[in-house]
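The values are calculated or read from the model by the stated rules, or taken from the named source; none is laboratory data. Please read all numbers here as calculations on a predicted model, not as lab measurements. Here the Cβ positions follow ideal geometry from the backbone for every residue, glycine too, while neighbour counts run over all protein chains shown. The accessibility values were calculated without ligands, DNA or RNA, using every heavy atom of the protein model including side chains. Shrake-Rupley method; radii C 1.70, N 1.55, O 1.52, S 1.80 Å.
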Amino acid sequence: METDRRSNPLFGPNRFKLGVFSANCDGGLTMSLAPERWRAEWDDIAAMTRIADEAGLEFILPVAKWRGYQGKANIYGRSFETLTHGAALGALTKRIAIFCTVHTPLVTPAFAAKAIATVDHVTHGRAGLNIVCGWNQEEFDLHGVTIDQERRYDHGLEWFRVWSRMLQGGPEFDWDGEFFKLRRVHTNPVSVQRPWPAVMSAGFSPKGRDFAAQAADVLFTNMTELDQAPAMLSSLAAHMARHGRRVSVFTMAHVVCRPTRAEAEAFYHYFAEEMADEEGQDYYRRTRGVTVKDAEGREIGRPFETRFTRATGKRFAGAYPGAYPLVGTPDDIAAEMARMSEAGLAGTSVAFLDYLKEIPYFVQEVLPRLERLGLRRPVA
Ligand SMILES: Cc1cc2nc3c(=O)[nH]c(=O)nc-3n(C[C@H](O)[C@H](O)[C@H](O)COP(=O)(O)O)c2cc1C
(Lines give C-alpha, C1' and ligand atoms only; values in the text may rest on other atoms or scores of the structure.)
Protein backbone atom coordinates (compact mmCIF):
# COMPACT_ATOMS: atom_id res chain seq x y z
CA MET A 1 0.00 0.00 0.00
CA GLU A 2 1.37 3.40 -1.00
CA THR A 3 2.24 5.43 2.12
CA ASP A 4 3.15 9.08 2.22
CA ARG A 5 2.15 11.27 5.11
CA ARG A 6 5.28 13.41 5.34
CA SER A 7 3.15 16.52 4.89
CA ASN A 8 1.41 15.88 8.23
CA PRO A 9 3.34 17.05 11.32
CA LEU A 10 1.64 14.33 13.35
CA PHE A 11 4.24 12.04 11.78
CA GLY A 12 7.09 14.55 12.24
CA PRO A 13 10.26 14.12 14.29
CA ASN A 14 9.24 15.57 17.68
CA ARG A 15 9.32 12.91 20.39
CA PHE A 16 6.55 14.54 22.41
CA LYS A 17 3.78 15.94 20.24
CA LEU A 18 1.49 18.78 21.22
CA GLY A 19 -1.82 20.08 20.00
CA VAL A 20 -4.69 22.29 21.08
CA PHE A 21 -7.93 20.59 22.08
CA SER A 22 -11.51 21.80 22.37
CA ALA A 23 -11.09 25.47 21.39
CA ASN A 24 -14.06 25.23 19.00
CA CYS A 25 -16.41 25.00 21.99
CA ASP A 26 -17.24 27.56 24.62
CA GLY A 27 -15.81 26.65 27.99
CA GLY A 28 -12.98 24.80 26.22
CA LEU A 29 -11.94 22.17 28.73
CA THR A 30 -13.36 23.66 31.91
CA MET A 31 -16.61 23.50 33.79
CA SER A 32 -16.17 26.91 35.26
CA LEU A 33 -18.29 30.00 35.64
CA ALA A 34 -15.22 32.24 35.62
CA PRO A 35 -16.02 35.20 33.38
CA GLU A 36 -12.57 34.86 31.79
CA ARG A 37 -13.54 31.47 30.38
CA TRP A 38 -13.24 30.74 26.66
CA ARG A 39 -16.20 31.91 24.56
CA ALA A 40 -15.16 30.29 21.29
CA GLU A 41 -15.47 33.45 19.20
CA TRP A 42 -14.28 32.72 15.67
CA ASP A 43 -11.70 35.54 15.49
CA ASP A 44 -10.17 34.35 18.77
CA ILE A 45 -10.03 30.76 17.53
CA ALA A 46 -8.36 31.90 14.30
CA ALA A 47 -5.82 34.09 16.14
CA MET A 48 -4.97 31.35 18.64
CA THR A 49 -4.61 28.76 15.86
CA ARG A 50 -2.18 31.02 13.98
CA ILE A 51 -0.01 31.24 17.12
CA ALA A 52 -0.04 27.44 17.52
CA ASP A 53 0.79 27.03 13.83
CA GLU A 54 3.73 29.43 13.93
CA ALA A 55 5.04 27.82 17.12
CA GLY A 56 5.20 24.43 15.42
CA LEU A 57 2.59 22.61 17.53
CA GLU A 58 1.46 19.46 15.78
CA PHE A 59 -2.32 19.63 15.72
CA ILE A 60 -5.63 21.37 16.30
CA LEU A 61 -8.31 19.00 17.60
CA PRO A 62 -11.92 20.17 17.88
CA VAL A 63 -14.75 18.49 19.77
CA ALA A 64 -17.89 17.31 17.99
CA LYS A 65 -20.79 18.45 20.17
CA TRP A 66 -24.49 18.99 19.57
CA ARG A 67 -25.67 19.96 23.03
CA GLY A 68 -24.06 21.56 26.06
CA TYR A 69 -23.47 20.14 29.53
CA GLN A 70 -26.18 22.39 30.94
CA GLY A 71 -25.48 23.70 34.42
CA LYS A 72 -25.06 27.44 34.78
CA ALA A 73 -22.16 27.69 32.33
CA ASN A 74 -23.64 25.21 29.82
CA ILE A 75 -20.19 24.58 28.47
CA TYR A 76 -20.21 23.18 24.92
CA GLY A 77 -23.64 24.80 24.50
CA ARG A 78 -22.03 26.79 21.70
CA SER A 79 -19.66 24.96 19.36
CA PHE A 80 -18.49 25.10 15.76
CA GLU A 81 -19.00 22.10 13.50
CA THR A 82 -15.62 20.50 13.00
CA LEU A 83 -15.39 19.71 9.24
CA THR A 84 -16.23 23.27 8.22
CA HIS A 85 -14.09 24.61 11.10
CA GLY A 86 -11.24 22.45 9.78
CA ALA A 87 -11.52 23.72 6.20
CA ALA A 88 -11.48 27.33 7.40
CA LEU A 89 -8.50 26.86 9.74
CA GLY A 90 -6.73 24.88 7.05
CA ALA A 91 -6.79 27.89 4.77
CA LEU A 92 -5.38 30.13 7.51
CA THR A 93 -2.43 27.94 8.53
CA LYS A 94 0.82 26.68 7.03
CA ARG A 95 2.14 23.68 8.93
CA ILE A 96 -0.13 22.43 11.74
CA ALA A 97 -2.34 19.35 11.29
CA ILE A 98 -6.04 20.18 11.27
CA PHE A 99 -8.20 17.44 12.73
CA CYS A 100 -11.93 17.13 12.20
CA THR A 101 -13.96 15.14 14.71
CA VAL A 102 -16.70 13.00 13.22
CA HIS A 103 -19.44 11.09 15.03
CA THR A 104 -19.64 7.92 12.95
CA PRO A 105 -23.38 7.32 13.62
CA LEU A 106 -24.20 10.76 12.18
CA VAL A 107 -22.05 11.17 9.06
CA THR A 108 -21.82 8.66 6.20
CA PRO A 109 -18.35 7.39 5.29
CA ALA A 110 -18.74 8.84 1.78
CA PHE A 111 -19.61 12.29 3.14
CA ALA A 112 -16.66 12.21 5.53
CA ALA A 113 -14.30 10.93 2.81
CA LYS A 114 -15.17 13.88 0.57
CA ALA A 115 -15.02 16.39 3.41
CA ILE A 116 -11.67 15.17 4.75
CA ALA A 117 -10.24 15.02 1.23
CA THR A 118 -11.33 18.65 0.84
CA VAL A 119 -9.49 19.68 4.01
CA ASP A 120 -6.49 17.60 2.92
CA HIS A 121 -6.29 19.49 -0.38
CA VAL A 122 -6.84 22.90 1.26
CA THR A 123 -3.95 22.12 3.65
CA HIS A 124 -1.71 20.26 1.16
CA GLY A 125 -1.79 17.13 3.27
CA ARG A 126 -2.34 18.27 6.86
CA ALA A 127 -5.87 16.94 7.48
CA GLY A 128 -6.73 14.46 10.18
CA LEU A 129 -9.83 12.56 11.21
CA ASN A 130 -10.75 12.04 14.86
CA ILE A 131 -13.24 9.20 14.96
CA VAL A 132 -15.82 9.29 17.74
CA CYS A 133 -18.39 6.53 17.93
CA GLY A 134 -20.70 8.45 20.27
CA TRP A 135 -21.76 8.08 23.88
CA ASN A 136 -24.32 10.74 24.80
CA GLN A 137 -27.82 9.77 23.62
CA GLU A 138 -29.23 13.16 24.68
CA GLU A 139 -26.98 14.78 22.08
CA PHE A 140 -27.98 12.33 19.38
CA ASP A 141 -31.70 12.84 20.03
CA LEU A 142 -31.58 16.08 18.09
CA HIS A 143 -30.56 14.04 15.06
CA GLY A 144 -33.17 11.36 15.75
CA VAL A 145 -30.36 8.79 15.88
CA THR A 146 -30.12 6.08 18.53
CA ILE A 147 -26.69 4.99 19.69
CA ASP A 148 -26.33 1.23 19.93
CA GLN A 149 -24.11 1.24 23.01
CA GLU A 150 -23.13 -2.40 22.55
CA ARG A 151 -22.25 -2.22 18.87
CA ARG A 152 -21.07 1.38 18.42
CA TYR A 153 -17.43 0.41 17.88
CA ASP A 154 -18.38 -2.44 15.49
CA HIS A 155 -20.37 0.05 13.45
CA GLY A 156 -17.48 2.52 13.67
CA LEU A 157 -14.99 -0.07 12.42
CA GLU A 158 -17.05 -0.88 9.35
CA TRP A 159 -17.48 2.86 8.80
CA PHE A 160 -13.70 3.28 8.95
CA ARG A 161 -13.11 0.44 6.50
CA VAL A 162 -15.38 2.06 3.91
CA TRP A 163 -13.98 5.55 4.52
CA SER A 164 -10.34 4.47 4.26
CA ARG A 165 -10.92 2.33 1.18
CA MET A 166 -12.61 5.24 -0.57
CA LEU A 167 -9.66 7.53 0.09
CA GLN A 168 -7.21 4.96 -1.25
CA GLY A 169 -8.83 5.40 -4.66
CA GLY A 170 -9.10 2.69 -7.27
CA PRO A 171 -12.12 1.33 -9.07
CA GLU A 172 -15.67 1.77 -7.79
CA PHE A 173 -16.74 -0.95 -5.39
CA ASP A 174 -19.93 -2.30 -3.86
CA TRP A 175 -20.01 -2.85 -0.10
CA ASP A 176 -22.19 -5.49 1.53
CA GLY A 177 -21.43 -5.24 5.21
CA GLU A 178 -23.41 -5.65 8.38
CA PHE A 179 -24.11 -1.96 8.83
CA PHE A 180 -23.61 -0.54 5.33
CA LYS A 181 -24.96 -1.70 1.94
CA LEU A 182 -23.45 0.64 -0.61
CA ARG A 183 -23.34 0.72 -4.41
CA ARG A 184 -20.67 2.03 -6.77
CA VAL A 185 -18.60 3.58 -4.02
CA HIS A 186 -15.88 6.05 -4.99
CA THR A 187 -14.66 9.54 -4.15
CA ASN A 188 -12.78 12.09 -6.19
CA PRO A 189 -10.42 13.68 -5.35
CA VAL A 190 -8.77 11.19 -3.03
CA SER A 191 -6.67 12.50 -0.15
CA VAL A 192 -3.21 14.05 -0.58
CA GLN A 193 -1.89 11.89 2.29
CA ARG A 194 -1.56 8.28 1.23
CA PRO A 195 -3.17 5.86 1.76
CA TRP A 196 -5.50 8.15 3.77
CA PRO A 197 -5.08 11.04 6.24
CA ALA A 198 -3.96 10.66 9.85
CA VAL A 199 -6.57 9.04 12.10
CA MET A 200 -7.09 9.50 15.82
CA SER A 201 -9.71 7.87 17.94
CA ALA A 202 -10.75 8.84 21.43
CA GLY A 203 -11.66 5.94 23.64
CA PHE A 204 -11.01 4.29 26.96
CA SER A 205 -13.04 1.07 27.13
CA PRO A 206 -11.56 -2.26 25.97
CA LYS A 207 -13.63 -1.95 22.79
CA GLY A 208 -12.38 1.60 22.31
CA ARG A 209 -8.77 0.39 22.58
CA ASP A 210 -9.41 -2.50 20.22
CA PHE A 211 -10.95 -0.09 17.73
CA ALA A 212 -7.90 2.19 17.93
CA ALA A 213 -5.59 -0.78 17.44
CA GLN A 214 -7.36 -1.52 14.15
CA ALA A 215 -8.11 1.91 12.78
CA ALA A 216 -6.12 4.72 14.38
CA ASP A 217 -2.61 6.14 14.28
CA VAL A 218 -3.14 7.74 17.68
CA LEU A 219 -5.33 6.69 20.58
CA PHE A 220 -6.45 9.67 22.60
CA THR A 221 -7.27 8.59 26.08
CA ASN A 222 -8.06 9.98 29.48
CA MET A 223 -5.49 9.67 32.19
CA THR A 224 -5.54 11.61 35.41
CA GLU A 225 -2.35 10.24 36.94
CA LEU A 226 0.74 8.81 35.29
CA ASP A 227 0.54 5.69 37.44
CA GLN A 228 -2.42 4.72 35.23
CA ALA A 229 -0.14 4.60 32.17
CA PRO A 230 1.44 1.11 32.53
CA ALA A 231 -1.89 -0.74 32.76
CA MET A 232 -3.33 1.30 29.92
CA LEU A 233 -0.30 0.78 27.68
CA SER A 234 -0.01 -2.93 28.33
CA SER A 235 -3.69 -3.44 27.60
CA LEU A 236 -3.31 -1.47 24.36
CA ALA A 237 -0.18 -3.48 23.51
CA ALA A 238 -2.24 -6.68 23.66
CA HIS A 239 -4.80 -5.20 21.26
CA MET A 240 -2.02 -3.99 18.94
CA ALA A 241 -0.36 -7.43 18.95
CA ARG A 242 -3.68 -9.03 18.05
CA HIS A 243 -4.02 -6.78 15.00
CA GLY A 244 -0.34 -6.44 14.11
CA ARG A 245 -0.40 -2.64 14.17
CA ARG A 246 1.23 0.14 16.17
CA VAL A 247 -0.69 3.05 17.66
CA SER A 248 0.75 5.87 19.72
CA VAL A 249 -1.02 7.24 22.78
CA PHE A 250 -1.82 10.85 23.62
CA THR A 251 -3.66 12.20 26.59
CA MET A 252 -5.47 15.46 27.19
CA ALA A 253 -4.19 18.07 29.59
CA HIS A 254 -5.30 21.39 30.98
CA VAL A 255 -2.48 23.90 31.33
CA VAL A 256 -2.15 26.72 33.83
CA CYS A 257 1.35 28.09 33.39
CA ARG A 258 2.53 31.07 35.41
CA PRO A 259 5.90 32.53 36.47
CA THR A 260 5.45 31.13 39.99
CA ARG A 261 3.81 27.97 41.30
CA ALA A 262 1.75 30.01 43.75
CA GLU A 263 0.24 32.09 40.96
CA ALA A 264 -0.58 29.02 38.89
CA GLU A 265 -2.17 27.20 41.85
CA ALA A 266 -4.14 30.30 42.84
CA PHE A 267 -5.54 30.72 39.34
CA TYR A 268 -6.44 27.05 39.08
CA HIS A 269 -8.11 27.24 42.47
CA TYR A 270 -10.04 30.31 41.34
CA PHE A 271 -11.55 28.96 38.15
CA ALA A 272 -11.77 25.26 39.00
CA GLU A 273 -12.81 25.45 42.64
CA GLU A 274 -14.31 28.80 43.56
CA MET A 275 -15.98 29.23 40.18
CA ALA A 276 -16.74 25.54 39.52
CA ASP A 277 -19.94 24.82 37.64
CA GLU A 278 -21.16 22.06 39.94
CA GLU A 279 -24.39 21.55 38.00
CA GLY A 280 -22.47 20.97 34.77
CA GLN A 281 -20.32 18.43 36.62
CA ASP A 282 -23.46 16.69 37.90
CA TYR A 283 -24.86 16.49 34.39
CA TYR A 284 -21.61 14.99 33.14
CA ARG A 285 -21.45 12.44 35.92
CA ARG A 286 -25.07 11.48 35.38
CA THR A 287 -24.78 10.98 31.63
CA ARG A 288 -21.22 9.68 31.41
CA GLY A 289 -20.41 8.11 34.76
CA VAL A 290 -16.86 8.19 36.03
CA THR A 291 -15.91 4.55 35.72
CA VAL A 292 -15.35 2.19 32.81
CA LYS A 293 -15.93 -1.55 33.16
CA ASP A 294 -14.64 -4.49 31.16
CA ALA A 295 -16.82 -7.17 29.55
CA GLU A 296 -17.10 -9.02 32.88
CA GLY A 297 -18.29 -5.88 34.65
CA ARG A 298 -15.02 -5.28 36.53
CA GLU A 299 -14.03 -1.66 36.93
CA ILE A 300 -10.95 -1.01 34.80
CA GLY A 301 -10.55 2.67 35.37
CA ARG A 302 -11.99 5.92 36.62
CA PRO A 303 -11.03 8.08 33.66
CA PHE A 304 -13.71 10.71 34.11
CA GLU A 305 -13.11 11.72 37.68
CA THR A 306 -12.59 15.37 38.37
CA ARG A 307 -8.99 16.20 38.96
CA PHE A 308 -6.81 17.61 41.63
CA THR A 309 -3.34 19.04 41.37
CA ARG A 310 -0.41 16.94 42.44
CA ALA A 311 1.03 19.78 44.47
CA THR A 312 -1.92 20.19 46.81
CA GLY A 313 -3.76 16.90 46.42
CA LYS A 314 -6.97 18.93 46.40
CA ARG A 315 -9.99 17.95 44.37
CA PHE A 316 -11.26 20.60 42.00
CA ALA A 317 -14.72 20.39 40.54
CA GLY A 318 -14.36 22.85 37.69
CA ALA A 319 -11.63 21.15 35.74
CA TYR A 320 -12.91 18.91 32.99
CA PRO A 321 -13.37 15.30 34.07
CA GLY A 322 -10.46 13.22 32.92
CA ALA A 323 -8.20 16.13 32.00
CA TYR A 324 -4.61 15.88 33.23
CA PRO A 325 -3.73 19.08 35.10
CA LEU A 326 -0.44 20.72 34.22
CA VAL A 327 -0.36 23.52 36.77
CA GLY A 328 2.84 25.34 37.67
CA THR A 329 5.82 27.19 36.32
CA PRO A 330 7.26 26.63 32.84
CA ASP A 331 9.90 24.38 34.48
CA ASP A 332 7.19 22.35 36.26
CA ILE A 333 5.21 21.87 33.10
CA ALA A 334 8.19 20.92 30.94
CA ALA A 335 9.35 18.46 33.63
CA GLU A 336 5.89 16.92 33.86
CA MET A 337 5.76 16.52 30.09
CA ALA A 338 9.12 14.78 30.25
CA ARG A 339 7.62 12.36 32.79
CA MET A 340 4.63 11.80 30.49
CA SER A 341 7.02 10.99 27.67
CA GLU A 342 9.03 8.60 29.89
CA ALA A 343 5.78 6.90 30.88
CA GLY A 344 5.24 6.03 27.22
CA LEU A 345 2.91 8.79 26.06
CA ALA A 346 3.75 10.14 22.60
CA GLY A 347 2.05 13.47 23.18
CA THR A 348 -0.72 15.42 24.77
CA SER A 349 -3.30 17.98 23.88
CA VAL A 350 -3.37 21.20 25.83
CA ALA A 351 -6.22 23.51 26.76
CA PHE A 352 -6.32 26.80 28.64
CA LEU A 353 -9.02 28.74 30.45
CA ASP A 354 -8.49 31.50 27.87
CA TYR A 355 -6.59 29.93 24.98
CA LEU A 356 -5.70 33.13 23.18
CA LYS A 357 -4.47 34.95 26.26
CA GLU A 358 -2.50 32.03 27.69
CA ILE A 359 -0.94 30.26 24.70
CA PRO A 360 1.75 32.90 24.00
CA TYR A 361 3.36 32.37 27.42
CA PHE A 362 3.22 28.60 26.99
CA VAL A 363 4.85 28.85 23.56
CA GLN A 364 7.48 31.29 24.72
CA GLU A 365 8.44 29.54 27.97
CA VAL A 366 7.56 25.85 27.81
CA LEU A 367 8.51 24.98 24.22
CA PRO A 368 12.19 26.04 24.55
CA ARG A 369 12.44 23.98 27.74
CA LEU A 370 11.06 20.94 25.92
CA GLU A 371 13.67 21.52 23.23
CA ARG A 372 16.43 21.61 25.84
CA LEU A 373 15.08 18.36 27.28
CA GLY A 374 15.34 16.80 23.82
CA LEU A 375 11.60 16.25 23.51
CA ARG A 376 11.07 18.69 20.68
CA ARG A 377 13.07 20.46 18.00
CA PRO A 378 13.06 24.20 17.37
CA VAL A 379 10.53 25.10 14.73
CA ALA A 380 12.11 25.15 11.24
C1 LIG B 1 -9.31 13.61 23.75
C2 LIG B 1 -10.73 13.11 23.65
C3 LIG B 1 -11.57 13.70 22.73
C4 LIG B 1 -12.91 13.33 22.65
N5 LIG B 1 -13.70 13.96 21.76
C6 LIG B 1 -15.03 13.69 21.74
C7 LIG B 1 -15.88 14.41 20.89
O8 LIG B 1 -15.42 15.30 20.17
N9 LIG B 1 -17.19 14.13 20.91
C10 LIG B 1 -17.72 13.15 21.70
O11 LIG B 1 -18.92 12.93 21.66
N12 LIG B 1 -16.91 12.41 22.51
C13 LIG B 1 -15.60 12.68 22.55
N14 LIG B 1 -14.77 11.96 23.38
C15 LIG B 1 -15.32 10.82 24.12
C16 LIG B 1 -14.85 9.54 23.46
O17 LIG B 1 -15.36 9.41 22.17
C18 LIG B 1 -15.19 8.28 24.24
O19 LIG B 1 -16.55 8.06 24.28
C20 LIG B 1 -14.65 8.32 25.63
O21 LIG B 1 -13.27 8.58 25.60
C22 LIG B 1 -14.91 7.07 26.41
O23 LIG B 1 -14.32 5.98 25.84
P24 LIG B 1 -15.19 4.72 25.49
O25 LIG B 1 -16.19 5.20 24.46
O26 LIG B 1 -14.19 3.76 24.94
O27 LIG B 1 -15.83 4.30 26.76
C28 LIG B 1 -13.42 12.32 23.49
C29 LIG B 1 -12.56 11.72 24.41
C30 LIG B 1 -11.24 12.10 24.51
C31 LIG B 1 -10.35 11.42 25.50
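For Trp42 and Val379, the FRET efficiency from 1/(1 + (r/R0)^6), where r spans their Cβ atoms and R0 equals 25 Å, is about 0.50.
If R₀ is 25 angstrom, what is the calculated FRET efficiency for the pair His121 and Glu54, using the beta carbon separation as r and rounding to 0.05? Let's see the in-between values first.
Values: r = 22 Å, r/R0 = 0.89.
Calculated transfer efficiency: 0.65.
Our note on the geometry: Cα centres of region 325-366 and region 111-161, 29 Å apart.
With K and R counted +1 and D and E -1, the other residues having a Cβ less than 13 Å from that of Asp120 yield a net charge of +3. If you run the Gaussian network model on the chain, springs between alpha carbon atoms under 10 Å, then out of Leu356, Leu367, Leu142 the most flexible one is Leu142. Taking all protein chains as they are arranged and a probe of 1.4 Å, the heavy atoms of Arg5 leave approximately 40 Å² accessible to solvent.
Shown here for region 52-106: chymotrypsin sites (Phe, Trp or Tyr not before Pro) in loop regions (DSSP other than H, G, I, E, B) with at most 16 other Cβ atoms within 10 Å, namely Trp66. At a Förster radius of 45 Å, what calculated FRET efficiency corresponds to the Cβ-Cβ distance of Phe179 and Thr260, to the nearest 0.05? The pair Phe179/Thr260 has a calculated efficiency of 0.25.
Accessible surface for the chain, divided over its residues, is 40 Å² per residue with a 1.4 Å probe. At the residue level, His121 shows approximately 80 square angstrom of accessible surface with a 1.4 angstrom probe and all protein chains present. Taking the chain as a Gaussian network, Cα atoms linked when under 10 Å apart, which of Phe204, Phe180, Phe267 shows the biggest mean-square fluctuation? Most flexible of the set in this elastic network: Phe180.
For the chain, taking Cα atoms only, Rg and Dmax work out to 19.7, 62 Å respectively. Taking the DSSP beta bridges with both ends in the chain, the antiparallel portion is around 25 percent. Restricted to Cα atoms, region 129-250 shows a radius of gyration and a Dmax of 15.9, 49 angstrom. Springs between Cα atoms under 10 Å define the GNM used for the chain, and in it the highest mean-square fluctuation of Ala237, Ala212, Ala323 occurs at Ala237. Computed about its Cα centre, the charge dipole of the chain is approximately 880 debye, with only Lys, Arg, Asp and Glu carrying charge at their Cβ. Taking 15 Å as the cut-off, the amide N atoms of region 198-238 that come nearer than this to a point 7 Å along the Cα-to-beta-carbon line of Arg339 belong to 223-230. Accessible surface of region 9-372, 1.4 Å probe: 52 percent of it comes from carbon and sulfur atoms. Based on DSSP, what percent of beta bridges with both residues in region 81-217 are antiparallel, to the nearest 5? Expressed as a percentage, antiparallel bridges in region 81-217 total about 25. To the nearest 10, the accessible area of Tyr320 is 20 Å² with a 1.4 Å probe.
Fully extending the segment from Thr146 to Arg245, taken as 0.36 nm per residue of separation minus the present Cα-Cα distance, adds 32.5 nm.
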